[in-house]
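Novice: Have a look at this one.
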Amino acid sequence: MYSDMALRGWSALLILIACLACSSTLCPAQETSQKVASTNSAAGIAAWQQVYSVLTTPRCINCHTATNYPEQGDDRHRHLFNVVRGPGGKGVAGLNCATCHQSANADSTGVPGAYNWHLAPLSMEWQDTNDGILSSTAVCQSLTDHSKSGSLDGPGIVRHHEQEPLVLWAFQPGHRRDGTARSLPPLTHEQFVAATRTWVDAGMPCPQNP
Amino acid sequence: MQTYKLSVNGQTREVTADPGTPLLWVLREDLKMTGTKYGCGISACGACTVHLAGVATRSCVVPVSLVGNRPIVTIEGVGEDRVGRAVQDAWVAEDVVQCGYCQSGQIMSAVALLKSRRQPSDEDIEESMGGNICRCGTYVRIRNAIKTAAQQLA
Amino acid sequence: MSATTMLSSESGLSRRSFLRVSATAAGGLIVALYLDFPVRAQTPQAKTYPPDAFVHIQRDGKIVIQVNRLEFGQGVQTSLPMVLADEMDADWSHVVAELAPAADVYKDPVFGIQMVGGSGSIAHSFQQYRELGAKTRAMLVAAAAQQWKISAAQCRTEASVVYGPGGRSATYGELADSAAHMSVPENVPLKKASEFKLIGKDTRRLDSRPKCDGSMKFGLDLDLPGMKVAVVAHPPIFGGTPKSIDDKAARGIPGVIDVFEIPTSSKGTAVVVVADKFWTAKQARDRLSIDWDFSGVEPADTKQLRAKYKELAATPGNVAVTRGDLSVLNGTSAASRIEAEYEFPYLAHTPMEPLNTTIRFDGDRAEVWAGSQFQTVDQMAIAETLGLKPEQVTFHTEMAGGGFGRRATPDSHVQREAATIAKRCKGIPVKLIWTREDDVQGGYYRPMFAHRIEIGIGADGMPLAWRHVIVGQSLVAGTPFAAMLIKNGVDETAVEGAADNPYEIPNFTLTAHHPTPNVPVLWWRSVGHTHTAFVMETLVDELASRAGADPIAYRRKLLKPDEKRMRGVLDLMDEKSASWRNHLAEGHAAGVACHECFGTNVACAVDVSIENKRPKIHRVTVAMDCGIAVNPLTIESQFQAGVSFGVSQLMAKGAITFKSGHAEQNNFDGYTPPYIIDAPVAVDVHIVPSTEEPSGCGEPPVPVISPAVVNALFRLTRKRYRTLPLLSL
């Protein structure tokens, strides 16, 4: 007595109801992924802000300049003694970074050090040419701009934050010549790496408002 | 106190010193090599410049514990080298020195420059020599002497 | 064979001029000459003659010449021997120079003490070294003449050889022994200028090579068997004393020998660490925990001093010079008036070689090694500290890494510290080292100064009336130099260059105040001229601007008619710089200045642009007149380098400032001298040909450069800069 068409109609209706149900608690998997998408974005941005808070600490940003010189100190003044960037970010002959900075901190003389001490390339500038720190959005966009030469992908950034000696240095920056300890970033290294991971896992979202 | 084997001007020298002692003072007081000078102790003036594995290095801020087996060349040894000799000869020909106290460091920086740039421009000279202080102010003749040395080496 | 002849009974030889001749056991002629200038010198009695005097001719022909003052960059260890060797007809390639130890015979003929300063090396010893060379030559000729049984007139000399008729010749080395027995001539003719072989010729320095290969030993490089090193913890405020000292940690460092207190020159007390090496001593000093007592000690403060000096400058002080009638100033309109206030900070000398002295005290004698500008004064101070007579103190003059006045201290404070330490460490040589921090913070600065000037301009655009007040510490009050330099309550060193300016200003009064803040002060290369030249030459520039006149032409008009030598240098500077001054690149401007300093007239023009908010000095053309130019190559060096030194005053971090009683700066990071980028790129130097008596070149380059640069800056920014250092453009 039920016709084929009625059966198809009922099937369609059932499928429709099933699909509608999927958007409610009746189909938890699909609903979670959408909710996760919005939750991840918020968490991702929050994680980014944590990463940003470290990147813009003097220990990191002093070498991520947009100029032909590094900065030094918590007040981020222009590095003294007329040192300049040089072609490879390692200074110039006679006045290389390695002229003073060795592969480890020299606490007896107050000079910080880590393996391969040098300036971040200009593509990794996180300041403007007036030594003003760029916004969170701008720095995030800089990190995620894959058209930049030397740019790293997500896993690359995690690895960089986890293993790069100059990054590690920021968390053990040694003592000044007056015996005081250099100020640390707001997170520990572990927290920094974890925040980086969270941000990367979230798809490296950038905050909207610059 | 620790014992270190240092390569200084091609010779192996052994010193016993506190690990934090700057290389400058190991050279001057343990090895009695006083050509490398103390001017400030904070790497501001360059009077303490030596070459460490070919890199101009301010020995007043490098603890002896971080030197390792990198060969050290000091002002006493830099003349063994063609570039070093040319720079010293140019310094004498151009009558550069006044009190002379900074000149060991000036020469070591100039040698590093000329080893990396055979014909340095005025800008190269200003950048590479930019961290060496001469209180007497012999900068004009330092520029001249670097150019003279470059000509000799050409 | 050893013969010593004291020729005091030689016919006609006056009490004030004598020559001592001796032959050494090793052979050779040693000649000592003590010469007293009748006009200006005192008559100190020379008590002893040191074994090595002025000229030692060795048998192999080597000629060792003693230089009677410190070499600290100015080139005197080449130029004074040149003078002597020229009159002596010596072979210059045989000449070796040594820095004479402290001894009466080496006293500056004009000042009567062994010293270097006031740009007086050539000025005061030119005649002395000429006569010494001429007399030595005469004795060598006499020896040859005697040997050949001919008259001296038949001999001639050239390049360390005496030639006689018939092809005879003998070298100075061969003649040295017999020359030692010749009588000393009272008067010998000196060469005519046309006969000079060395004087007036570009001559490279004798000490260049060792300064380029690390072999030159400076005072700081001294090493003696058993030597120890001392560093001193000075009170952070001059005159302070330790209330308590915790030296446990310091003494715990291996190699530390002793920790004890000593008096300081500021009537305070300091703490000494003696150790086997410098780094040990410094580490130990860093670990001292000292609680200081500053009661009764005034803490200097720059902010307070600036306010006080400004206030004082508005009131008349003690009169330095006055002429005419300043009432002309009343009622002048603003258009015909300049009122200006100038401020200058404390300046540190910071010679590249940190201060150091090594002394060994043996109870009945002492031996000293120091790069001292003031040997007589220092020797006396050390003797006094050790309870010895000066002649019991052997004082070696070491090569010094710069001085600029810092190594000439009337109170010999560093030497007294070293002697006190040596006394405690009897029998052991102790090298006292002041670290760079000690040096930058340790006082003895060029004082702070404030000037207030009111000028009434006449209808012709020339200054009609000029009221000038200078406020700044006296350098010599309370020292043995006070009698000589303080007149009517005015320290001449504070007003020189302004009080005696060369300009025709009919109504002129200059007065001075000398406040006494708790900061030790000292002469800094060119002394009063460091600030007076800046004030005079910027004001004259401003007057020229107001008059719509070219700055050089204006000066020509304003100079007193008898200022011939100043006009000479102005003309030469004009001539040598006109082509580039008239073809300045875009964004460049020219500035000029002229000033006389210690007898030498200087005029300069500078080519300046602004780069990175700082003045960039592309070129300096400088013309100078120092009378006879003994070594033009050294003179050129002095001016090329001296103007670079003078730029110190413009450096953004070129000031010592006080807060809570001590300097806020402690090393080159906070107090920064010019680096190569701060110094002029090119400097061409032009010497006015002259046969006048020589005057100095050590300080004259310094005063002109800062005013010339800011005069150029005015043309770029339309701003007048009256406060040094230049903070921002």
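Novice: At what distance in nm do the modelled label points of A:Ala42 and C:Lys564 sit from each other, each positioned 7 Å from its Cα along Cα→Cβ?
Specialist: About 9.5 nm, to one decimal.
Novice: Here's a follow-up. Report the gain in length on full extension from C:Glu384 to C:Ala340: 0.36 nm times residue separation, minus Cα-Cα distance, nm rounded to one decimal. Can you show the working numbers first?
Specialist: On the way: separation 44, 0.36 × 44 = 15.84 nm, distance 4.74 nm.
Contour length minus Cα-Cα distance gives 11.1 nm.
Novice: 5 Å is the cut-off here: which amide hydrogens, built 1.01 Å from N in the peptide plane, fall below it relative to C:Ala233, excluding neighbours closer than 5 in sequence?
Specialist: Sorted by chain and number, the residues that satisfy this are C:Val271, C:Val272, C:Val273.
Novice: All other residues with a Cβ under 14 Å from the Cβ of C:Leu312 taken together, and with Lys, Arg as +1 and Asp, Glu as -1, what is their net charge?
Specialist: Details: positive: C:Arg306, C:Lys308, C:Lys310, C:Arg452; negative: C:Glu311, C:Glu341, C:Glu343.
Every neighbour counted, the sum reads +1.
Novice: Would you list, by chain and number, the aspartates and glutamates whose Cα falls below 15 Å from the Cα of C:Lys267, excluding same-chain residues fewer than 8 positions away?
Specialist: The reachable aspartates and glutamates, counting only those whose Cα sits under 15 Å from C:Lys267, are C:Asp293, C:Glu298, C:Asp411, C:Glu417.
Novice: Could you go through region A:128-143 in sequence order and give the Karplus-derived ³J(HN,Hα) for each residue, using 6.51 cos²θ - 1.76 cosθ + 1.60 with θ = phi - 60°, rounded to whole Hz, and x for Gly and Pro?
Specialist: In residue order, the calculated couplings are 9, 6, 9, 6, x, 6, 6, 5, 4, 4, 5, 5, 4, 5, 4, 6 Hz.
Novice: Straight-line reach from A:Lys148: which aspartates and glutamates have a Cα under 15 Å away, not including same-chain ones fewer than 8 places off?
Specialist: A:Lys148 reaches A:Glu125.
Novice: Mind listing the long-range amide H neighbours of C:Leu559? Cut-off is under 5 Å, sequence gap 5 or more, other chains count too, H placed in the peptide plane at 1.01 Å from N.
Specialist: When sequence neighbours closer than 5 places are left aside, the close amide H contacts are C:Glu504.
Novice: Just subtract the alpha-carbon distance of C:Leu729 and C:Ala483 from 0.36 nm times their residue separation and send over the number in nm, one decimal. Let's see the in-between values first.
Specialist: Details: separation 246, 0.36 × 246 = 88.56 nm, distance 4.31 nm.
Gain on stretching C:Leu729 to C:Ala483: 84.2 nm.
Novice: May I pose another question? To the nearest Å, what is the center-to-center distance of region C:521-577 and region C:425-495, using C-alpha atoms only?
Specialist: First find each Cα centre; the distance between them is then 21 Å.
Novice: Measuring from centroid to centroid over Cα atoms, what is the spacing of region A:56-103 and region C:255-325 in Å?
Specialist: If we compute the Cα centre of each part, the gap is 35 Å.
Novice: To the nearest 0.05, how large is the calculated FRET efficiency for A:Ser183 and C:Asp223 if R₀ is 35 Å and r is the Cβ-Cβ distance? Intermediate values should be presented prior to the final figure.
Specialist: Numbers: r = 42 Å, r/R0 = 1.20.
That pair, A:Ser183 with C:Asp223, gives E of 0.25.
Novice: Please compute the net charge surrounding C:Ala97, taking Lys and Arg as +1 and Asp and Glu as -1 over other residues with Cβ under 9 Å from its Cβ. Write down the numbers at each step before the final one.
Specialist: Numbers: positive: none; negative: C:Glu71, C:Glu98, C:Asp207.
Local net charge: -3.
Novice: Going by a ≥ b ≥ c, the root eigenvalues of the Cα gyration tensor, does chain C fall in the rounded group (a/c under 1.5), the prolate group (a/b larger than b/c) or the oblate group? Mind showing how you got there, number by number?
Specialist: Working: a/c = 1.96, a/b = 1.20, b/c = 1.63.
Oblate, because a/c is 1.5 or more while a/b does not exceed b/c.
Novice: At 7 Å along Cα-to-Cβ for each site, give me the label-to-label distance between C:Ala193 and C:Glu504 in nm.
Specialist: Rounded to a tenth, the inter-label distance reads 2.8 nm.
Novice: Under the definition of partner shielding as Cβ atoms of other protein chains within 10 Å of a residue Cβ, what is the mean value for peptide C:280-293?
Specialist: Details: counts 5, 0, 2, 4, 0, 0, 3, 1, 0, 0, 0, 0, 0, 0.
Taking the mean over all residues of the peptide, I get 1.
Novice: Still on this structure, I have one more. R0 = 41 Å: FRET efficiency of C:Glu98 with C:Ala307, Cβ-based, nearest 0.05?
Specialist: 0.20
Novice: May I ask for the net charge around B:Arg82, where only other residues with Cβ less than 12 Å from the Cβ of B:Arg82 are counted and Lys, Arg are +1 while Asp, Glu are -1? Don't jump to the answer; show the numbers that get you there.
Specialist: Values: positive: B:Arg85, B:Lys115, B:Arg118; negative: B:Glu80, B:Asp81, B:Asp89.
Overall, the nearby charge balance is 0.
Novice: Which of the trypsin sites (Lys or Arg not before Pro) found in region B:4-40 are loop residues per DSSP with 15 or fewer other Cβ atoms within 10 Å of their Cβ? Each step should come with its number before you reach the end.
Specialist: Numbers: sites: B:Lys5, B:Arg13, B:Arg28, B:Lys32, B:Lys37; in loops: B:Lys32, B:Lys37.
Hits after loop and neighbour filter: B:Lys32.
Novice: Right, next: Need one number: nm distance between label points at C:Glu186 and C:Tyr163, each 7 Å from Cα along Cα→Cβ, rounded to one decimal.
Specialist: Placing both labels 7 Å beyond Cα along the Cβ direction yields 3.3 nm.
Novice: Please list, ordered by chain and number, the residues whose modelled amide H lies under 5 Å from the amide H of C:Leu99; skip anything fewer than 5 residues away on the same chain.
Specialist: Amide H to amide H, under 5 Å and 5 or more residues apart or across chains, C:Leu99 pairs with C:Val67.
Novice: Residues of region C:381-418 with backbone nitrogen within less than 20 Å of a virtual label 7 Å along the Cα-to-Cβ line of C:Glu298, please, listed as ranges.
Specialist: Label zone hits: C:411.
Novice: Something else about it: State the extension gain, in nm to one decimal, for the chain segment bounded by C:Lys613 and C:Lys659, taking 0.36 nm per residue of separation less the distance between their alpha-carbons. Could the numbers behind the result be given before it?
Specialist: Numbers: separation 46, 0.36 × 46 = 16.56 nm, distance 2.73 nm.
Roughly 13.8 nm would be gained on extension.
Novice: Separate question: By DSSP, what percent of the beta bridges with both residues in chain C are antiparallel, rounded to the nearest 5? Mind dumping the intermediate values first?
Specialist: Numbers: 97 of 126 bridges.
Looking only at bridges with both residues in chain C, the antiparallel portion is about 75 percent.
Novice: Using Cα centres only, tell me the gap between region C:349-411 and region B:91-154 in whole Å.
Specialist: 33 Å
Novice: Going toward the positive end of the dipole of chain C, with +1 on Lys and Arg Cβ and -1 on Asp and Glu Cβ, which of C:Ala159, C:Leu726, C:Leu432 do you reach last?
Specialist: Of the candidates, C:Leu726 comes out farthest on the positive side.
Novice: Cross-link partners among aspartates and glutamates for C:Lys616, C-alpha distance below 13 Å, same-chain residues fewer than 8 apart left out?
Specialist: B:Glu126, C:Asp607, C:Asp678
Novice: R0 = 35 Å: FRET efficiency of B:Lys5 with A:Arg176, Cβ-based, nearest 0.05? Can you show the working numbers first?
Specialist: Details: r = 31 Å, r/R0 = 0.87.
After rounding to 0.05, the efficiency reads 0.70.
Quick note: the coordinates plus some simple rules give every number you see, no bench work behind them. Values in this document were obtained by computation on a predicted structure and should not be read as measured data. Glycine gets a Cβ as well: all are built from the backbone with ideal geometry, and neighbour counts include every protein chain shown.
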